[in-house]
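Report on the following structure.
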Amino acid sequence: MANYETQLVSLVVPFYNESDALQSFFTRVLPILESIPATHFEIVCINDGSTDDTLPRLVEMARRDARIRVIDLTRNFGKEAALTAGIDEAAGDAVIPIDADLQDPPELIPTLVLRWRQGADVVLAQRARRTSDSLLKRVTAAAYYRVHNHLSDLKIPENVGDFRLMDRAVVNALKQLPERHRFMKGLFAWVGFHTVTVQYERMPRAAGKSKFSGWRLWNLALEGITSFSSVPLRSWTYLGTFIAMLAFCYGMYIVARTLILGVDVPGYASVLSLLLFFGGVQLIGLGVVGEYIGRIYDEAKGRPIYLVKRRYQERRPHGRAAGNGRVISLVAGKRN
Ligand code: UDP
Ligand code: MG
């Protein structure tokens, strides 16, 4: 990494109804990026089906500044898909996904770049404290990391979001992962590489409001576990074996007792409660299996992760960018 002049750093920013936060994002980020010595940069903005005026405002920014590119998706595909689109489109030697709401402090970017130049492939930004989150979010997040890392062979680092720097080699590795269910934190961890961590303080949202309700977070949590662990599926084998063994022992006992003491008719209540109990257990098991089958079904359909409606770009920055200027096309998100 001798010649910094030729290095390009890509910032990947998903935007979903971020009209309020948009202006302050660029006014804060641009001077910081410009202050990094001997680097070109591009900002790849993904408009993830915003319903407000995020898109026209982004396009206006891109029109005035050639370093800003806008990728407009055909609808809202969700943050993970938007990030995937941005990472696919980014042309940089290093790629940094960052939230548009300034919760990931852009002031950290020079440090990320510095550590990268010192030889790291991945520079993780880890939240020192989650003071900006509610107590409930903190407790559930901590519990989630514990459950996930317990169930899965792949340990995801705690309190690390999508904000990080990845070398081109890491990005290329990431682009080889074909799955449609994209739990980005897990995928980032899965590819490995030489990783260093820097700490930061997470800020409250600059403007606008969070797009992740409790229900969406719960689904994200399910996604994480089912993407990286088959323990919930396998555990039914053990639970089933255990119950069968108990039932066998109880059966032996009943047979022996009947042989010695004779037939004994009452027992309606215990039979009924056992029946209902095991009915319930079986349904839970079916539900868990269903979670996985649903995902297999989605993967088997092999639909693209996102669709690009249009790319907006003033001109090719430094002749390095992937797309042409002002292409009007409907292109499936390409996967290797
Ligand atoms: N986002 C997106 N698509 C979505 C939801 C969110 O692109 O369907 C973007 C959003 O614009 C922001 C980032 O993902 O840049 C993080 O979203 P948010 O701040 O709402 O999440 P939180 O910080 O509350 O986890
Ligand atoms: Mg946020």
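The values are calculated or read from the model by the stated rules, or taken from the named source; none is laboratory data. Predicted model only: the values in this text are computed from it and were never measured. All Cβ positions, even for glycine, are placed from backbone atoms using ideal geometry, and neighbour counts span all protein chains on display. These accessible areas exclude ligands, DNA and RNA; they are computed on the full protein's heavy atoms, side chains included. Shrake-Rupley method; radii C 1.70, N 1.55, O 1.52, S 1.80 Å.
Remarks
- When restricted to residues that are surrounded by 15 or more Cβ atoms within 10 Å (Cβ to Cβ), assigned to a helix (DSSP H, G or I) and either without any contact (Cβ under 8 Å) to a residue 40 or more places away in the chain or not basic (Lys, Arg) (or both), the range 115-136 contains 1.
- Qualifying residue in the range 47-57 (condition: among the basic types (Lys, Arg) and under 20 Å from ARG164 (Cβ atoms)): no
- Subset of the range 267-292 (residues that are of a type in the set (A, V, I, L, M, F, W, C) and loosely packed, with under 13 Cβ neighbours inside 10 Å): ALA269, VAL271, LEU272, LEU275, LEU276, PHE277, PHE278, LEU283, ILE284, LEU286
- Pairs linking a residue in the range 72-101 that is over 21 Å from VAL29 (Cα atoms) and open to solvent by 10 Å² or more (accessible area, probe 1.4 Å) to a residue that is within 8 Å of ligand 1 (Cβ to nearest atom) and among the charged types (D, E, K, R), with Cβ atoms under 7 Å and 6 or more positions apart or on different chains, are ASN76/ASP48; PHE77/ASP48.
The rows are residues; the columns are (1) among the aromatic types (Phe, Trp, Tyr); (2) more than 10 Å from ligand 1 (Cβ to nearest atom); (3) touching a helix residue (DSSP H, G or I) at 6+ places or on another chain (Cβ under 6 Å).
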{"site": "TYR16", "(1), (2), (3)": "yes, no, no"}
{"site": "PHE41", "(1), (2), (3)": "yes, yes, yes"}
{"site": "VAL44", "(1), (2), (3)": "no, yes, yes"}
{"site": "THR51", "(1), (2), (3)": "no, yes, no"}
{"site": "ALA62", "(1), (2), (3)": "no, yes, no"}
{"site": "ARG67", "(1), (2), (3)": "no, yes, yes"}
{"site": "VAL70", "(1), (2), (3)": "no, yes, yes"}
{"site": "THR84", "(1), (2), (3)": "no, yes, no"}
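- Checklist (1) free of Cβ contacts under 8 Å to residues at least 60 places away in the same chain; (2) more than 18 Å from GLU223 (Cβ to Cβ); (3) open to solvent by 10 Å² or more (accessible area, probe 1.4 Å) applied to ALA143, failing item: (2)
- Pairing each residue of the range 272-288 that is closer than 16 Å to SER235 by Cα and in contact (Cβ under 8 Å) with a residue 24 or more places away in the chain with any residue that is assigned to a helix (DSSP H, G or I) and open to solvent by 40 Å² or more (accessible area, probe 1.4 Å), provided the two are 6+ apart or on different chains, yields C-beta distances under 6 Å for GLY285/TRP236.
- Per the conditions (1) on the phi > 0 side of the Ramachandran plot; (2) in contact with a Lys or Arg (Cβ under 8 Å, 6 or more places away or on another chain), the sole criterion not satisfied by ALA38 is (2).
- Those helices (runs of 4 or more DSSP H) lying entirely in the range 169-264 with at least 3 residues farther than 26 Å from ARG146 by Cβ and open to solvent by 40 Å² or more (accessible area, probe 1.4 Å): 231-261
- Pairs where the first residue, in the range 198-212, is more than 9 Å from ligand 2 (Cβ to nearest atom) and of a type in the set (Phe, Trp, Tyr) and the second is modelled with pLDDT of 70 or more and open to solvent by less than 60 Å² (accessible area, probe 1.4 Å), C-beta under 6 Å, 6+ apart: TYR200/PRO105; TYR200/LEU108; TYR200/ALA125
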